[in-house]
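Student: Below you'll find the structure I mean.
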Amino acid sequence: LENFAADVSHELKNPLASLQSSSELLADNKISSENKILLLQNMQKDIERMNRLISDISNYTLTQVEIDEELFYSFDLVDFIIEFLKSYSLNSKDIKINFEFEKKPSMIYANKDKLAQVFVNIIDNSLSYSPHKSEILIHQKIVDRNVVVLVSDQGNGISNDLSTKIFERFYTDRSSEKNKHSGLGLSIVKKIIESFSGSIKLTNLKSEKYFGACFEINLPL
C-alpha cells in the first residue's frame with residue numbers, strides 16, 4: 001500500500017506541476033496569443049491525463065476487492081473465447097482475429113467478468129499496436145494440467161528486456177499518447193490471472209506470420 005501510494009503520488013505530480021506552470025504563465029499575461037493557445041492545449045492534455053489516471057487508479061484499487069467478492073465457477077474456456085470474440089468481429093482497423101483451439105474440454109474455475117477484462121486489455125493492446133488489415137492469432141492448447149492461451153500479433157513487438165517491466169504499475173512506452181494510457185492495464189491483468197491461480201507472461205515465441213508481441217496465459221484445468 002505504501003509503494004502504491006508513492007507510485008500514485010509520483011504519477012499525479014507530473015501533470016499537476018505542468019498545470020501549475022501553465023496557469024502561472026497565463027496569470028502573468030506576458031505571452032503572445034499564439035503561445036496562450038499552445039498552453040491551453042497542453043493544459044487540456046494534462047487534464048485528460050489526470051482524468052484517465054484517476055479512473056484507472058480507482059479500477060486498480062477496486063480489482064482486489066471485486067476478486068474477493070466475485071463468484072467463481074467452472075466453464076469451458078474455448079466456448080468463452082468464441083463468444084467473447086463476437087464483439088471483435090468488426091474493428092476500426094479491419095484487423096482479422098483468428099482463433100485456433102483443441103477440440104476437447106478446457107474447463108477452468110474462474111470468474112467470467114474478470115476474465116473478459118483480461119482479454120479486452122490484451123486484445124485492445126494488440127489492436128492498437130498492429131497495422132491496418134493485419135491479423136491477430138489466439139491459440140489455445142492443453143499442456144499437462146493447464147490450458148495455455150497465446151495471443152500473437154503482427155505489430156512491432158515488445159523487447160524481451162521489458163518482459164517484466166510491462167506488468168509494473170504505471171509503466172507505458174507510449175509517451176506520445178500518455179494521456180490515453182495510464183500504464184495500469186497489464187498490471188490489473190496480472191492481478192486477475194493470478195487470482196485464478198494462473199500466470200501471464202510476455203513470450204518470445206514468434207512465427208513467420210505472427211512476428212509481433214506474444215502474450216502467454218496459463219490457467220489450471
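Student: Could you give the nm distance between label points at residue 6 and residue 74, where each point is 7 Å from its Cα heading toward the beta carbon?
Tutor: According to this spin-label approximation, the distance is 4.5 nm.
Student: A further question follows. Could you look at the chain and say what percent of its accessible area is carbon and sulfur, using a 1.4 Å probe and all protein chains?
Tutor: Ligands and nucleic acids excluded, carbon and sulfur give 50 percent.
Student: Out of 169, 52, 145, any idea which swings most in a Gaussian network model of the chain, alpha carbons joined below 10 Å?
Tutor: Comparing 169, 52, 145 in a Gaussian network model of the chain, the most mobile one is 145.
Student: Something else about it: So between residue 33 and residue 107, what do we pick up on full extension, going 0.36 nm a residue minus the alpha carbon distance?
Tutor: That works out to 20.3 nm of additional length.
Student: Quick check: residue separation of residue 204 and residue 91 times 0.36 nm, minus the Cα distance between them. What number comes out in nm?
Tutor: Extra length available between residue 204 and residue 91 comes to 38.0 nm.
Student: Quick one: the Cα spread of the chain along its three principal axes, in angstroms, biggest first?
Tutor: So the three principal-axis extents are 71, 40, 32 Å.
Student: If you take every DSSP beta bridge fully contained in the stretch 41-148, what fraction is antiparallel? Give it as a percent rounded to 5.
Tutor: Expressed as a percentage, antiparallel bridges in the stretch 41-148 total about 60.
Student: Evaluate the stretch 24-107: find the radius of gyration of its Cα atoms, find its Kirkwood radius, and give the ratio Rg to Rh.
Tutor: 1.28
Student: Pairs of alpha-carbon atoms within less than 8 angstrom and 6+ residues apart define the contacts here; what relative contact order does the stretch 40-145 have, in percent?
Tutor: Relative contact order here is 33 percent.
Student: What is the sum of charges, Lys and Arg at +1 and Asp and Glu at -1, for the other residues whose Cβ falls under 15 Å from the Cβ of residue 142?
Tutor: Surrounding charge for residue 142 is -2.
Student: Write out the GluC sites (Glu not before Pro) in the stretch 12-100 meeting two conditions: DSSP loop, and at most 11 other Cβ atoms within 10 Å of their Cβ.
Tutor: none
Student: Within 10 Å of each candidate Cβ there may be at most 16 other Cβ atoms; applying that plus a DSSP loop requirement, which chymotrypsin sites (Phe, Trp or Tyr not before Pro) in the stretch 1-110 survive?
Tutor: 72
Student: Okay, moving on. Quick check on the chain: helices-only [θ] at 222 nm, where DSSP H runs of length 4 and up contribute -39,500 (n - 2.57) each and the sum goes over total residues. Nearest 500, please.
Tutor: After summing the helix terms and dividing by the residues of the chain, the value is -16000 deg cm²/dmol.
Student: Here's a follow-up. With a 1.4 Å probe and every protein chain left in place, work out the accessible area per residue of the chain in Å², rounded to a whole number.
Tutor: 58 Å²
Student: Say the cut-off is 26 Å between C-alpha atoms; which of 93/165; 96/206; 45/133; 45/114 go over it?
Tutor: Beyond 26 Å between Cα atoms: 93/165; 45/133; 45/114.
Student: Further question on the same structure: Pick from 96, 209, 36: which residue has the top mean-square fluctuation in a GNM of the chain where Cα pairs under 10 Å get a spring?
Tutor: In the Gaussian network model the winner is 36.
Student: What FRET efficiency comes out for residue 99 versus residue 51 if R0 is 41 angstrom and r is the Cβ-Cβ distance? Round to the nearest 0.05.
Tutor: Here the calculated transfer efficiency is 0.75.
Student: Full extension from residue 83 to residue 197: what is 0.36 nm times the residue separation minus their Cα-Cα distance, to one decimal in nm?
Tutor: Contour length minus the Cα-Cα distance gives 38.7 nm.
Student: Once both labels are modelled 7 Å past Cα along the beta-carbon direction, what's the residue 62-residue 133 spacing in nm?
Tutor: Label-label distance for residue 62 and residue 133, simple model: 4.1 nm.
Student: To continue, here is another question. May I ask for the angle, rounded to the nearest 10°, between helix 2-28 and the longest principal axis of the chain, with both axes built from Cα atoms and the value confined to 0 to 90°?
Tutor: Its long axis makes an angle of about 30 degrees.
Student: Where does the charge balance sit around residue 164 when Lys and Arg score +1, Asp and Glu -1, over other residues with C-beta under 13 Å from its C-beta?
Tutor: Combined, the nearby Lys, Arg, Asp and Glu give +2.
The values are calculated or read from the model by the stated rules, or taken from the named source; none is laboratory data. From a predicted model like this one, the values you see are computed outputs, not experimental measurements. Note: ideal-geometry Cβ built from the backbone for every residue, glycine included; neighbour counts use all protein chains shown. Only protein heavy atoms, including side chains, enter the accessible area calculation; ligands, DNA and RNA are left aside. Shrake-Rupley method; radii C 1.70, N 1.55, O 1.52, S 1.80 Å.
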